[in-house]
Every structure is written in C-alpha cells, then in structure tokens.
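Data block below; observations after.
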Amino acid sequence: MAKRVREPDDIQSEIGEVKKEIDDVEAQVRETAAAVERARQHRNSAMAMLRKITKKLTSPDLSEQERPALVEDQQSCVAALTFAEKDLEWLRKEVERLSRKEERLSRKEEQLRKEKEQLRTERLQQDAAAAGQGVGSAPGAGGLDTSTEFIRDVLLTQTATVADMLNAPPLARLLDQPLGAKLPVLGGLTAVDAMLINSELHRYVEQQPLDQLAASAQTLSMHVANALTGMYCQQPAGSGSMTAATLRTLVDWTVSIAANSLGMNFQMDRNTAGQSAGATAWQLRPDFLFWAGNSLLFKGEEKAKPAHLQDAIKELKEKMSTPWIPALLPGVNRPCMFAYAAAGNLVQFFVITSRDGGAVEMAVASDCLNTNTALGRIKIVHHTLKIMQAVAAYVARAPDIPIALGKVATEWTSNGSFLSSVTMFPGFFRKRVNLALLSGGILSSTALVAMYGAIGHVRCPNLVRLHSDGGVQVEEDGTTVRLHLEPLGLPLGRNGGEAVQSEANLRQAVRGVLTGLEVLHDAGYVHRDIRWPNVIRLPAAAAAAASSSSSADTYALIDLEHAAPVDCPLDCRQPPYWLSIWPRVSHLLDSTTGRYTRQSDLCLVAAELMTHLPFALSDSGQQLRQQLATRQLPSARAALEHAWLHVAAAEFAATAPQQHQG
C-alpha cells in the first residue's frame, strides 16, 4: 500500500492540536504562578511576624513571665516559615516544569510551521518547473544554488556608487537606481504572464539570465517569483495582521536573504503587543526593526487600511528616530535611517535624519507603491536590496554600541524558561522580571513595587528609579513585574571587558555606588547583588539629561530584583538565599545569624568593584577596601567620608542628592 503523501492541511491540523496544548499549559502556568505569589506572601507574613517577635524578645523591658509565650510563638513562626519555604520551593519547581513543557510545545509548533512552509515551497518549485516546460526550464533547477554569491557580487562590488549614509539627500534618490544586475526570476508561466502585463518590470527582473551566477540563484529566483506572482502577498484588505504578513514576505525575507549572504552581524524583529507587554512600550516601538551591529538602521510602521498611511508616516518621525541614544555616544556622527510606512496595500520608503538638539527630518525616498500589483511588489524587493547595499557600505565604520535602541535583550533560565528582558527606549528602559523563577529572590511582586515607591521620593542620580510615567505593573500571572526605569547608561564589565581603566574612574564609580546605597539603605533595603554588570556609566550628556545639575560622568547602581528589607531575618548561608555570584569572603554575612546586612553591601563593594583591577590601587584606596571588606565602617554614609573619596567629592557635589545630606 502506497504511503500517503503529507499535505499542508494535515500539518495545519497538527499545529492546531499543539496550540491547544500550549493554551492548556499556559493556563496551568498562570494558576501555579498565582499560587507561588500566595505562598510568597505567606512566607513574607511569617517573616514579618518572626521579626516582630524577635524584636520583643530582645527588648530590655521584656518580663520573664512574658518570655515563654513569646518563645513558643517564635517556634511556631519558624515552623510556619519552614513550611512556607518548602511550599514555595515546590511551586517554583512546578512553574519551571510547566514552563519547560510549554517551551517544548512551542518548539514543536515552530517546527511544524517550518515543515508546512517547506512543503509549500517544494510544491511551488515543482509547479514552476512543470509550468516552465515548453518555455525553458527553471533557472538553476537541480543545480548548485548561487544566491549568496550573486547577492555578494551585486551588492558588495557596487558599494563605490552607494550614497553615504551620513548624507541624506543622495540617499533619498538611491532606492530606484539600478542594483548593478537585474534580479533573476524562476521561469514559471505565472511569473512570465506578470512580466508580459507590465513591461516596466523588465527594469528590475530578468527571466532567463545569461549570466550563470544569476541563472543558478535558486533561492533568490524563487523569492522574486513569489513577489511577481503575489504568492503569500495577496491578502484580504483591512487587517493589520495581513499588512504585516505581506511586508514580512517582501521586506523581512529580502533583508534576511541579503544580510545572511553578506555575512552581516544583524538582527531583525517585529513589534507585538505580547512582546512589548504594555500599551506604552508597544506604542513607542516601531512595527519592524533592523539592527546592523547594535545600530538601528531600518524600521517600518504598518497600519491596516490605506486611509491610515499618513498616520504611519507620522509615527516614523515619532518612534525611535535615531540609530542609538545620542547622549550615550556624545560627539559620534549619526547615520541616516531608512524607513517605510505601510497601510493596507500602500507602501512608501523614507530617509530619516536626526540632528543634535532633537530635530528630526524625513525625506521621501520612493513613490507610493501598491502591493496589489506585481510592479509595486518587485519595487519593494528592489528598494530593500538597495537599502541593504547602503547598510553594507556603512557597517564597517559603525561605532561599537553596547546596547541597542529598541532591541529586546532576553535572559532565560537553564531550562529555557523566561526569566527577564530589558528594552531601551528614548528616555527610559523597560524591564520585565519573572520573580517566581529568580534564584535567591526575596521580595514578592507587591514588595518590589513598594520598594521602588519608597526610593522614588529621593531622585538620586546614582540609583535606578521609576521613570516619570510611573511605569510599574504586575502582570496577569502575578509574579512577572514590568518596570519603566531610569536613568539610561552604558553597562560596565560585560563580555569580559574592563569596567574602569584608571583609579580616577574607580573612585568616581565607587562614590556613585556608595551614594546610591546610602539612599537605598535609608529607605530600608539592601541591594545583595553589587557587581560591575549592575553598575552603569552615564556620559556627561546623558547625566545632564537625567539630572540638570550634572556636568560630569555619573555612575549609577541598577538591578534591584535581589534586594531585601534591611531587617530580613533569613539565614543566607545556604541556598536558595545564598546567591551563586557572591564571592566566598569571610565577612560577607553576619557571622552569628547568617543575615545579609547593610555592611554586607559594603563588603560586596570591596570584593566586586575594588579587586582584580587593571592598575595598582593607591594606599588610601587599599585602606578603604580593607575597611569595607572587614565591616569596619558602619554605613555607606560613613564610607563616603573616607579620604580616598574626597578627591571625587567636588566632581560629584552637583549630583549628590541634597535630601539625605548630614
């Protein structure tokens, strides 16, 4: 009996079943995450009661008659706390198990979708080859695919004629210029018919190229044929998702083919409400984003209906109109940015220029193109390739940017579950953290929100704080917190690089961190995760934007997810409250109780920021390091009085928060 041929509809049916399983698991994850939050609240209640009883037991006014009852209550609280910890640990593992299952199902769904697309592509190739009989065989059919070589030959060898991305007017005239070779097209009858209907298509495509490199470029030829015939493009009007699907085929696929062929370090992304997780962030991020390195050089805005084209054009100027945050790279010339606005079946390209002072100018770079016509679709593919040609000529001299505007940097647990993400926007960065999976975390989502409220009363330039929009929200699962934070700065000590280059830099950084700790400690919290990746540097321009009185580089302490109340009674000598990143130093925790205290933060400053330096530390600096490491200084305020930091005092006088002086 012959084996039944697998059909796209069969695969779609499997996708539907897998999607239903994913929905069921997501519901279980939400329920379990809510249980985690309840268990965390029970744990915190037990901790609060234990602190209260411990305080009474240490009171000098306590009578011997009262002590036995309090000791009994203390033992009951310890038992309740132990039970709550075990319950919380089990629920955390259950969330991880369900998250792993969800991840496996998501990968299966993605694999099925790829299988479906591959099957459709194979069918298209078969149909095109069959249709081509009698009019010539399909280019490159059955031979070596030379798409990469063809694209490199066309795009890289023509860079001498490409307009400079630092100069907008030539760029605006660039897109309709020839590529250097016409685009090869798979020789199916449908594609031939499209070319016969509109002779202008011959400016851009060639059905039977004589050049062997073009004739064998199978992947590119297939893509051009899809654009000619409208395969995957002719969608019902009036839907934003249909507009996005069309642009994915014409722009995203073209960018991917070109960038991969050119060996470019790039990333491409699309904005979704789920990914942005919040109305404000979703509205401020373009619908399509392309980065070369970490420079945002190409973006797009998409609307459902043609009548809304002007809205899309307006948003191109308003959303992320610079390749990076200008204040973080002062004095570096910014290139222009390519962009498109799409609305229903209409697409138009632009060049955006941003100058110092915030002025944004936008020049039209193409006609208004119609995706319902073969000529409109082919022009979009051609124009996108011209953009990639200009980008390829620029990237070799692009600056090194440590963090990209608009890019979602996501961190996963060891088993592939979502842990956290950070996205930089103009003026703030958005952070999402799943506290249920945060190893060694103590604060619940409610407590974390309360902590940011407590430190927000003092706008210290050396400590992360909520953005002025008050952006903080607990998501539906009850354990994922979304925060809009400031200030924006350059991350330090990442990817193995040196965080500071001189003792003067170190002095500024340590003073900034201690100033931030002073505010945090006064608010009643300890940080618990002090290390270079959790310190940022604000160049003078960025510091001035964050604090109008600043005229020098500023260092700020960030990442408060591992923070805890200063009177937290937990013994941190063992997991889960011993953090794996902590150094094995003798004075980190209280030697009697194992508690993490304010002085523990000071120990981390010494162990993490003032050791393993690329320079010799002065005697005065070594003395401060020793005093911090051995708990000789009672507070961050006392540490700030050390002679080694006096040199930097004048530099930071403008940025030190006046509210907590004395």
TODO: Note down all Cβ pairs under 7 Å where the first residue falls in segment 246-275 and is assigned by TED's automatic domain parsing to the domain that holds residue 348 and among the aliphatic types (A, V, I, L, M), the second is at pLDDT below 90 and assigned to a loop (DSSP other than H, G, I, E, B), and they're at least six residues apart or on different chains.
DONE: 250/233
Task: Residue match in segment 346-353 (condition: in contact with a Pro (Cβ under 7 Å, 6 or more places away or on another chain), surrounded by fewer than 24 Cβ atoms within 10 Å (Cβ to Cβ) and aliphatic (A, V, I, L, M)) - done: yes
TODO: Say whether the condition of being part of a loop (DSSP other than H, G, I, E, B) and in contact (Cβ under 8 Å) with a residue 40 or more places away in the chain is met by at least one residue in segment 445-456.
DONE: no
Task: Residue among 310, 348 that is in a helix (DSSP H, G or I), over 24 Å from the mean Cα position of the chain (by Cα), modelled with pLDDT of 95 or more and polar (S, T, N, Q) - done: 310
- [ ] Provide a single number: the residues in segment 313-345 that are part of a strand (DSSP E or B) and either charged (D, E, K, R) or surrounded by fewer than 24 Cβ atoms within 10 Å (Cβ to Cβ) (or both).
- [x] 1
Task: Test for residue 60: is it modelled with pLDDT of 75 or more, part of a helix (DSSP H, G or I) and either closer than 21 Å to residue 481 by Cβ or outside the structural domain of residue 570 (by TED's automatic domain parsing) (or both) - done: no
Open item on the list: Based on this model, can you work out whether residue 444 counts as on the phi < 0 side of the Ramachandran plot, surrounded by 19 or more Cβ atoms within 10 Å (Cβ to Cβ) and out of contact with any Phe, Trp or Tyr (no Cβ under 7 Å at 6 or more places or on another chain)?
Closed with: yes
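Does segment 469-485 include one or more residues that are out of contact with any Lys or Arg (no Cβ under 9 Å at 6 or more places or on another chain) and modelled with pLDDT under 90?
We begin by selecting, within segment 469-485, every residue out of contact with any Lys or Arg (no Cβ under 9 Å at 6 or more places or on another chain); these are 469-470.
Now drop any that are not modelled with pLDDT under 90, which leaves 469-470.
Scanning segment 469-485, I find at least one residue that is out of contact with any Lys or Arg (no Cβ under 9 Å at 6 or more places or on another chain) and modelled with pLDDT under 90, so the answer is yes.
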Task: Set 19, 56: member being over 31 Å from the mean Cα position of the chain (by Cα) and charged (D, E, K, R) - done: 56
TODO: Identify all residues within segment 548-600 that are touching an Asp or Glu at 6+ places or on another chain (Cβ under 8 Å) and without any contact (Cβ under 8 Å) to a residue 40 or more places away in the chain; write none if there are none.
DONE: 583, 593, 594, 595
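Only residues that are among the β-branched types (Val, Ile, Thr), buried (at least 22 other Cβ atoms within 10 Å of the Cβ) and either closer than 21 Å to residue 426 by Cβ or free of Cβ contacts under 8 Å to residues at least 60 places away in the same chain (or both): list them for segment 459-479, please.
464 - this is the single residue of segment 459-479 that is among the β-branched types (Val, Ile, Thr), buried (at least 22 other Cβ atoms within 10 Å of the Cβ) and either closer than 21 Å to residue 426 by Cβ or free of Cβ contacts under 8 Å to residues at least 60 places away in the same chain (or both).
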Open item on the list: I'd like to check something: does segment 46-60 contain any residue that is closer than 23 Å to residue 434 by Cα, surrounded by 16 or more Cβ atoms within 10 Å (Cβ to Cβ) and out of contact with any Pro (no Cβ under 8 Å at 6 or more places or on another chain)?
Closed with: yes
Open item on the list: Condition (residue is within 18 Å of the chain's Cα centre (by Cα), surrounded by fewer than 23 Cβ atoms within 10 Å (Cβ to Cβ) and assigned to a loop (DSSP other than H, G, I, E, B)) applied to segment 423-437: is it met by at least one residue?
Closed with: yes
- [ ] Please state which of the following conditions residue 198 fails to meet, knowing it meets all the rest: (1) outside the structural domain of residue 227 (by TED's automatic domain parsing); (2) modelled with pLDDT of 70 or more; (3) among the polar types (S, T, N, Q).
- [x] (1)
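The values are calculated or read from the model by the stated rules, or taken from the named source; none is laboratory data. All figures in this text were calculated on a predicted structure; none of them were measured in a lab. Cβ sites come from the backbone with ideal geometry, for glycine too, and all protein chains shown count toward neighbours.
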